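Enquirer: Sharing a structure below in structure tokens format, with a few things to ask.
The values are calculated or read from the model by the stated rules, or taken from the named source; none is laboratory data. Keep in mind that what you see is a predicted model, and the values were worked out from it rather than measured. All Cβ positions, glycine included, derive from the backbone under ideal geometry; neighbour counts span all protein chains shown. Accessible surface is based on the protein model in full, side chains and every heavy atom, while ligands, DNA and RNA are left aside. Shrake-Rupley method; radii C 1.70, N 1.55, O 1.52, S 1.80 Å.
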Amino acid sequence: MSKILHTVAVLSACGILLSACSTTPGQTGHIGSSIESSVDARLVLPPPPVAGGAAQADDDRMFHESRALQGTPRWTLAQHDANLHTAQVVRSFSCAVGTALDLTKMPHFEALAKTTRKAIMHRTSEAKNFWHRTRPFVGTDLPVCTPTNDLGPHSSYPSGHATEGYSVALLLAHLLPERASLILQRGRVFGESRIVCGAHWKSDVVAGLLNASTQMDALLAQPALQPDLAAARQELQTSLSHAVAPPAEECAAEADAAAHSILPD
């Protein structure tokens, strides 16, 4: 395992352990728009690879090799993972959690997901604007799995999709530590989908996982979130007690993607 991915794993574990600090189930909080992340990604993340360096050469290789995945089930999964609507991102973790996740039945979890997302994406946008890295598809006619019109051509680092997916994974793992391994595995696959799509470099995605870990570690410790974390945990437990099996074909595709990572050591 690379040093960066080891750091991500350690930070993820730290976030999960914070679940013991939550208040008792049944309490409800009032999450305001003032929740902010104290973590400045411009200071925490390493700079992106430089042109002509070994890391950029590895990024180039991975981008070109992964174009061969067009038309495969992994490509289709990457297209699904490109949808950042909160309900769809959360639903992507149904197989990992063990039941179909429906935000209409989890209002506290939905509020937490949207509130933390807003705080994290603010910090992520700062970093994207700071590094202004060009996306891999710019200047090529190679296939990309998602429309590029809405993707800023120079907002590649860190990956916002990888950050978002892994942030939701960390939130779920925090609330369901007994399912943490499978949840975080799915979060990693969600990030890798951006490489498959051709929307991000490999190093963008690795930075996105680290970004999510550091941001969520700070946010989950905030006292203002604790009542809603407790209520969201109860919502998830209720969903699991009336589990609805996710589509088997979706779970099989995710399991295959997890077993064939495109983030080698």
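Enquirer: Report relative contact order for the chain in percent, whole number only (criteria: Cα-Cα under 8 Å, sequence separation at least 6).
Expert: RCO, the chain: 36 percent.
Enquirer: Would you mind giving the three semi-axes, in whole Å and largest first, of the ellipsoid equivalent to the stretch 29-94 according to its Cα gyration tensor?
Expert: The equivalent ellipsoid of the stretch 29-94 has semi-axes of 31, 25, 7 Å.
Enquirer: Return the Cα extents of the stretch 148-265 along principal axes one, two and three, sorted largest first, each rounded to a whole Å.
Expert: Principal extents (Cα only, largest first): 41, 37, 32 Å.
Enquirer: Taking the highest mean first, how do the peptides 196-207, 83-94, 65-76 order by number of other beta carbon atoms within 10 angstrom per residue?
Expert: Top to bottom by mean Cβ count within 10 Å: 196-207, 83-94, 65-76.
Enquirer: Further question on the same structure: Let me check against my output: what whole-number percent is the relative contact order of the stretch 109-243, with C-alpha pairs under 8 Å and at least 6 apart?
Expert: Result for the stretch 109-243 is 31 percent.
Enquirer: Now a separate question. Compute the projected area of the convex hull of the Cα atoms of the stretch 75-186, averaged over all viewing directions, and report it in nm² to one decimal place.
Expert: Seen from a random direction, the Cα hull of the stretch 75-186 projects 7.6 nm² on average.
Enquirer: For the stretch 109-170, state the semi-axes of the equivalent ellipsoid (square roots of 5 times the eigenvalues of the alpha-carbon gyration tensor), sorted largest first and rounded to whole angstrom.
Expert: 25, 14, 9
Enquirer: How long is the stretch 203-265 along each principal axis, judged by its Cα atoms, biggest number first, in Å?
Expert: Computed over the Cα atoms, the extents are 38, 34, 14 Å.
Enquirer: I need to check one value: relative contact order of the stretch 111-172, counting alpha carbon pairs closer than 8 Å and at least 6 residues apart, in percent.
Expert: 45 percent
Enquirer: Helix 180-197 sits at what angle to the longest principal axis of the chain, using alpha carbons and giving 0 to 90 degrees rounded to 10?
Expert: The two axes meet at around 30 degrees.
Enquirer: Right, something else. Dipole magnitude of the chain about its Cα centre, charges +1 at Lys/Arg Cβ and -1 at Asp/Glu Cβ only, in debye to the nearest 20?
Expert: 280 debye
Enquirer: What figure, in Å² to the nearest 10, do you get for the accessible area of Phe63 with a 1.4 Å probe and non-protein molecules left out?
Expert: Rounded to the nearest 10, that gives 10 Å².
Enquirer: Ok, one more. What number comes out for the charge environment of Ala207, summing +1 per Lys or Arg and -1 per Asp or Glu over other residues with Cβ under 12 Å away?
Expert: Result for the neighbourhood of Ala207: +3.
Enquirer: What Kirkwood radius, in Å to one decimal, follows from the Cα pairs of the chain?
Expert: 18.5 Å
Enquirer: Quick one: helix 248-259 against the long Cα principal axis of the chain, what's the angle to the nearest 10°, folded into 0 to 90?
Expert: 60 degrees
Enquirer: When the expected Rg is taken as 2.2 N^0.38 Å, what fraction or multiple of it is the alpha-carbon Rg of the stretch 27-138?
Expert: Expressed relative to 2.2 N^0.38 Å, the Cα Rg reads 1.37.
Enquirer: Quick one: helix 107-131 against the long Cα principal axis of the chain, what's the angle to the nearest 10°, folded into 0 to 90?
Expert: 30 degrees
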